[in-house]
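Novice: Got a structure for you, questions after.
The values are calculated or read from the model by the stated rules, or taken from the named source; none is laboratory data. All values derive from a computational prediction rather than experimental measurement. Positions of Cβ are generated from backbone atoms using ideal geometry, with glycine treated the same way; all protein chains shown enter the neighbour counts. With ligands, DNA and RNA removed, areas are computed over all heavy atoms of the protein, side chains included. Shrake-Rupley method; radii C 1.70, N 1.55, O 1.52, S 1.80 Å.
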Amino acid sequence: MTGAETPTRLKRGITGPLLFAFILGDVLGAGIYALMGVLAAEVGGMLWAPLLVALLLALLTAGSYAELVTKYPRAGGAAVFAERAFRSPLVSFLVGFCMLAAGVVSAAGLAIAFAGDYFTTFVDLPAPLVAVVFLAVVGALNARGIRESMGANLVMTLVELSGLVIVIVVVAMLVADGGGAPQRVFELPTDAALPTAVLGGAIIAYYSFVGFETSANVIEEVRDPRRSYPRALFASLLTAGVVYVLVGLASAIALPAADLVDSSGPLLDVVAAAGVGVPPWLFSLIALIAVANGALLTMIMASRLAYGMSEQGLLPAVLGRVLPQRRTPWVAILATTLVAMLLTLIGDLSLLAETVVLLLLFVFLSANVSVLVLRRDRVEHDHFRVWTVIPILGIASCILLLTQQSGTVWLFGAILLAVGAVLFAVTRRFRSRAARAEEASDR
């Protein structure tokens, strides 16, 4: 075994490059294709500024993840860290459940997005049916195997990245021909204060960077995680950040902020404004692939987390069942896919997306605190160690962003956590009964 490569029942099929593609694909996701219009309402043409701030905020928590994941390389992610740090099964469960709920809610939102306008560009079918079938296909690919899922992710990541590169290149061509308005990249909305506008935009942009947390839940399937994980994590975040900032600059140069705000497909309008002649259907196809990729990676994370929590005794033992040949957690995959299908009935993509951010901020807050608490815990293998100031700043950034969430989102999040608390109590009760029955049979 190499470094922190501890024994696992799962197959170690993820190499360093595949892990980089996994994280990059999940971070890039689908949000950026609609993000510029929302950001323009906050910061006008200074689209690059909140994206840069959001990257820096995400890197703080990423530093904590790099230490914790290489120190405790087990499926379960933040739930594993919380269990070690706080020694409370309830706290560990709630942290893990926040992560699990965020993943399933995110997948439901992505399924709704997949079934929307981009899909109807090609075929007009009932959105609920498309969303359910889409999640079924994602679940089947997930069960097929981690290597196959990573291969599909690699192809889809290249496609979605190519769409963003197209935006950057066509606007660069526009500027080279003397077109566009580069001065717009420093224009703020009328009467907007720079710090307030950039912070407001950063809260929105933060959603585009949170995908990195899914990688913690496939760590048992990564080869040489001590070396591979930190390199892949930071490289993917920095790559995504550079691409996002360039897309923000290109968007502001190509179109006034008002045009971006009024558009439901801002990047498509940016490409059209460049006058290069890229066909409209091409961006619809790229957007669909981006959504599909995000959903696949999110469901991989959710199923592995459910499996990991089952192994910890926090969820029913049945979720720990693994296919003999494929070595994938098939019951966890089936359960998370069915729940995601049910959540698509909510139909409110905005509510689902904002709830994901709220839940993940609790997870990130726990992870940053866990780094500091677990510094006294020594392990036998080498692992990444982050500067102490990083998790402290990460805690402050999570609290800041939590204060910006709406009351409706807090209510929906509270309902999900209440469901989690009930599930925890029921699981503990049944496991306690099973333990007593086994003890009685041994006498």
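Novice: Provide the gained length on full extension for the span THR120 to LEU411, in nm with one decimal, where the gain is 0.36 nm per separating residue minus the Cα-Cα distance. Show your work: numbers first, answer last.
Specialist: Working: separation 291, 0.36 × 291 = 104.76 nm, distance 3.25 nm.
Roughly 101.5 nm would be gained on extension.
Novice: Continuing with the same structure: Select from LEU365, LEU255, LEU194 the residue whose mean-square fluctuation is largest in a Gaussian network model of the chain (Cα-Cα springs shorter than 10 Å).
Specialist: Of LEU365, LEU255, LEU194, the Gaussian network model singles out LEU194 as fluctuating most.
Novice: How far is it, in nm, from the label point at LEU351 to the one at THR239 when both lie 7 Å from their Cα along the line to the Cβ?
Specialist: Rounded to a tenth, the inter-label distance reads 3.7 nm.
Novice: Over the stretch 148-264, what relative contact order in percent results from Cα pairs under 8 Å that are six or more residues apart? Don't skip to the answer; put the middle values down first.
Specialist: Numbers: 38 pairs, mean separation 62.2, N = 117.
Relative contact order comes out at 53 percent.
Novice: Mind checking the per residue accessible area of the stretch 163-202 for me, 1.4 Å probe, whole number of Å²? All intermediate terms of the calculation are to be shown ahead of the outcome.
Specialist: Values: 2150 Å² over 40 residues.
Accessible surface, normalised per residue, equals 54 Å².
Novice: What are the ³J(HN,Hα) values, in whole Hz, obtained from phi via the Karplus relation 6.51 cos²θ - 1.76 cosθ + 1.60 with θ = phi - 60°, for each residue of the stretch 380-395 in sequence order, with x given for Gly and Pro?
Specialist: Residue by residue, the stretch 380-395 yields 6, 9, 6, 8, 5, 10, 9, 4, 4, 5, 5, x, 5, 5, x, 4 Hz.
Novice: Which whole-Hz couplings ³J(HN,Hα) result when phi for each residue of the stretch 312-320 is put into the Karplus expression 6.51 cos²θ - 1.76 cosθ + 1.60, θ = phi - 60°, listed in order with x for Gly and Pro?
Specialist: 7, x, 8, 10, x, 4, 4, 5, x
Novice: How much mean residue ellipticity at 222 nm does the chain get from its helices, if each DSSP H run of length 4 or more adds -39500 (n - 2.57) and you divide by all residues, to the nearest 500 deg cm²/dmol?
Specialist: Values: 17 runs with 314 residues, N = 443.
After summing the helix terms and dividing by residue count, I get -24000 deg cm²/dmol.
Novice: Rounded to the nearest 10 Å², what accessible area does VAL389 show when all protein chains are kept and the probe is 1.4 Å?
Specialist: Approximately 80 Å² for this residue.
Novice: Return the FRET efficiency for the residue pair VAL373, ASP262: r is the Cβ-Cβ distance, R0 is 45 Å, and the value is rounded to the nearest 0.05.
Specialist: Details: r = 48 Å, r/R0 = 1.07.
Result of the calculation: an efficiency of 0.40.
Novice: Taking +1 at the Cβ of each Lys and Arg and -1 at the Cβ of each Asp and Glu, which of ILE253, SER215, SER284 sits farthest along the dipole of the stretch 183-331 towards its positive end, judged by Cα position relative to the Cα centre?
Specialist: So the residue furthest toward the plus end is SER215.
Novice: Let me ask something else about it. Given contacts defined as C-alpha pairs under 8 Å and at least six residues apart, what's the relative contact order of the chain, whole-number percent? Could the numbers behind the result be given before it?
Specialist: Values: 730 pairs, mean separation 157.4, N = 443.
Computed over the chain, the figure is 36 percent.
Novice: While we're looking at this one, here's another question. Could you give the longest part of the chain that holds none of the chymotrypsin sites (Phe, Trp or Tyr not before Pro) found in DSSP loops with at most 14 neighbouring Cβ atoms within 10 Å?
Specialist: Details: sites that count: PHE122, TRP387.
Free of exposed loop sites, the longest segment is 123-386.
Novice: Hey, another quick one. Say we join alpha carbon atoms closer than 10 Å with springs in a Gaussian network model of the chain; which of ARG433, ARG74, ARG87 then has the biggest fluctuation?
Specialist: Looking only at ARG433, ARG74, ARG87, the largest GNM fluctuation is found for ARG433.
Novice: Let me ask something additional. Would you mind working out the magnitude of the charge dipole of the stretch 251-366 relative to its Cα centre, with +1 at each Lys and Arg C-beta and -1 at each Asp and Glu C-beta, to the nearest 20 Debye? Walk me through the numbers before you get to the answer.
Specialist: Details: 4 positive and 6 negative charges, 154 e Å.
Once rounded to the nearest 20, the dipole reads 740 debye.
Novice: Same structure again: ³J(HN,Hα) across the stretch 416-430 via Karplus (A = 6.51, B = -1.76, C = 1.60, θ = phi - 60°), whole Hz, x for Gly/Pro?
Specialist: Here the 3J(HN,Hα) series is 4, 5, 5, 4, x, 4, 5, 4, 4, 4, 5, 4, 4, 5, 5 Hz.
Novice: Given a Förster distance of 41 angstrom, what is the FRET efficiency for TRP281 paired with ARG144, based on the Cβ-Cβ distance and rounded to 0.05?
Specialist: 0.90
Novice: Relative to the present Cα-Cα distance, how much length would full extension add between LEU158 and ARG431 at 0.36 nm per residue of separation?
Specialist: This chain segment gains 93.8 nm when fully extended.
Novice: Only Cα pairs within less than 10 Å get springs; with that Gaussian network setup on the chain, which residue of ASP382, ASP269, ASP26 has the largest fluctuation?
Specialist: Of ASP382, ASP269, ASP26, the most mobile in the Gaussian network model is ASP382.
Novice: Starting from the 7 Å offset along Cα-to-Cβ, what nm value, one decimal, do you get for the label separation of LEU56 and GLU187?
Specialist: Placing both labels 7 Å beyond Cα along the Cβ direction yields 2.6 nm.
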